[in-house]
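Right, one structure below, let's go through it.
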Amino acid sequence: MARKLGGDGLINELCKGYRMLMDGEKGVITIDSLKKNSLLMGLQGFTEEELKNMIREGDMDGDGALDQIEFCILMFRLSPDLLHVAQEVIHKAKQQQNTVHL
């Protein structure tokens, strides 16, 4: 799926996923917003401890929540396909940049 989306499409989908899971007032994904909104993303069946572990795994600054960058990094780490597509997009962008400067 990630390959079909391309770079811009992939970023748009990640942003949509983030917005669906985040707490609208706080602007971050909290354990409460993840529990509440995870059904929208097909994440039913996870225990509260599993959801807390998801937050912990991506929480780079230790605030107990995921900001948009932390969420995107976590998604890339959890999905090798997303990471591979991101690498392809970066490679293509570098090639285009080199072509422009020649």
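The values are calculated or read from the model by the stated rules, or taken from the named source; none is laboratory data. Quantities reported herein were computed from a predicted structural model and do not represent experimental measurements. Cβ placement follows ideal geometry from the backbone for every residue including glycine, while neighbour counts extend to all protein chains displayed.
Summary of computed values
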item	result
Those residues of the stretch 37-63 which are small (Gly, Ala, Ser), modelled with pLDDT of 90 or more and closer than 14 Å to residue 22 by Cβ, in sequence order	58
Considering residues of the stretch 14-32 that are in a helix (DSSP H, G or I) and in contact with a helix residue (DSSP H, G or I) (Cβ under 6 Å, 6 or more places away or on another chain) only, the residue farthest from residue 65 (Cα to Cα)	14
